[in-house]
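Before any comments, here is the structure.
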């Protein structure tokens, strides 16, 4: 099958560069660790910017590439190609000095509509999250220039708007990274990296690859969450687990459908009043298991739970995202069920069903078409997962 170049490249980078951070660590829209809180510990103790509230979403244009393909132990580490995508970062809870963040990477498909390629979650200090750092702290950081870090105050223009910014350039033998923040609001305006890790086996160099990326602010907006408050339910306490089982059905034009089993297991690593952090393990026939860290918070649409207040919602449009074209609506609501629809109105539609306890009990997705083949035929895919253990 021929998958869009942007899809393969961005998904590769999200999966290979993202390192699941320790709880409380600060990451970036690229998935890389943010070095600022380590270099400036006062950011870990700072307050969030005064404008920041739960429900804020930052969208970044992403342009990423890999170096030419190299082989180490029979594994391809790059494609020598470039792709574009979007990284959307949602603040889903702000509680007791901690910020719970849910990030999704979108890529264009064969019809140039947007679909999610990867996602993860993190928890950072409120003074420095994925798309902001405390402007009070940033304004006090002096300019400097040395071998591993240069700090400059510079004017920049992003999206046609001028800013007075502070730029940090980090360098070591394996990577170069630049971070640029608006000094007025603390919003991250753009972030670049040139990342060349080395892989060694028994003291011998196995392979080396280069990865390059630029993430530039596209939009910052507040999502109107259709409930005022939300508390993590008792069934999602620390140490609890959820299991969803189902299948993926692929239909190639002119051929019989092919069905394969699918399972998602979630283990709660941390449970607070307004958010939970979970390890998500996905098992799909023919593929190696994947593990990510994710979050589900009070100010999150389509998380693993909804508060009781949400169960009384009336059908209708909840949110229309101007950057991805995704629309989220309530399509069914009664005393025992709540069903949301998410669609790009082109070739992707998903249903998220919740029961009377606020549990996500089913995810149903349609990809139509899913991919194109070299012969010109297209395939469709349906994924259906249901809660079987909690």
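I need 338, 111, 252 ordered by Cβ neighbour count within 10 Å, fewest first. List each step's numbers first, then the result.
Working: 338 23, 111 14, 252 18.
Going from sparsest to densest Cβ surroundings: 111, 252, 338.
Could you tell me how far the Cα centroid of segment 87-116 sits from the Cα centroid of segment 316-388, in Å?
16 Å
If you take the beta carbon distance between residue 267 and residue 227 as r and set R0 to 25 Å, what does 1/(1 + (r/R0)^6) give as a FRET efficiency, to the nearest 0.05?
Working: r = 26 Å, r/R0 = 1.05.
Plugging the Cβ-Cβ distance into 1/(1 + (r/R0)^6) gives 0.45.
By count of other Cβ within 10 Å, fewest leading, how are 287, 340, 304 ordered?
Details: 287 10, 340 22, 304 25.
Lowest count first: 287, 340, 304.
If segment 236-389 were replaced by its equivalent ellipsoid, with semi-axes equal to the square roots of 5 times the Cα gyration tensor eigenvalues, what would those be, largest first, whole Å? Show your work: numbers first, answer last.
On the way: eigenvalues 158, 87, 38 Å².
So the three semi-axes of segment 236-389 are 28, 21, 14 Å.
When ranked by the protection proxy of mean other Cβ atoms within 10 Å per residue, highest first, what sequence do the peptides 85-92, 382-389, 290-297 form?
85-92, 290-297, 382-389
Can you pull the one-decimal nm distance between simple spin-label points at residue 249 and residue 153, each 7 Å off the Cα toward Cβ?
It is 6.3 nm.
Test of understanding: what is the full-extension gain from residue 331 to residue 238, defined as 0.36 nm times their sequence separation minus their Cα-Cα distance?
On the way: separation 93, 0.36 × 93 = 33.48 nm, distance 3.17 nm.
The residue 331-residue 238 span can extend by a further 30.3 nm.
Output the peptides 236-245, 314-323 sorted from most to least packed, where packing is the average of other Cβ atoms within 10 Å over each peptide's residues.
Details: 236-245: 15.6, 314-323: 13.2.
The most tightly packed comes first, giving 236-245, 314-323.
Where the centre of each part is set by its Cα atoms, how far does segment 136-180 sit from segment 222-285, in angstrom?
Cα centres, segment 136-180 to segment 222-285: 38 Å.
Need one number: nm distance between label points at residue 140 and residue 47, each 7 Å from Cα along Cα→Cβ, rounded to one decimal.
1.3 nm
Got a sec? How would 60, 364, 348 order by Cβ neighbour count within 10 Å, fewest to most?
On the way: 60 28, 364 17, 348 21.
The fewest-first ordering by Cβ neighbours comes to 364, 348, 60.
Read-outs: derived from the displayed coordinates by stated rules, not from any lab. Predicted, not measured: the structure shown is a model, and the values here were computed from it. Because the Cβ atoms are built from the backbone with ideal geometry, glycine has one as well, and the counts that use them run over all protein chains shown.
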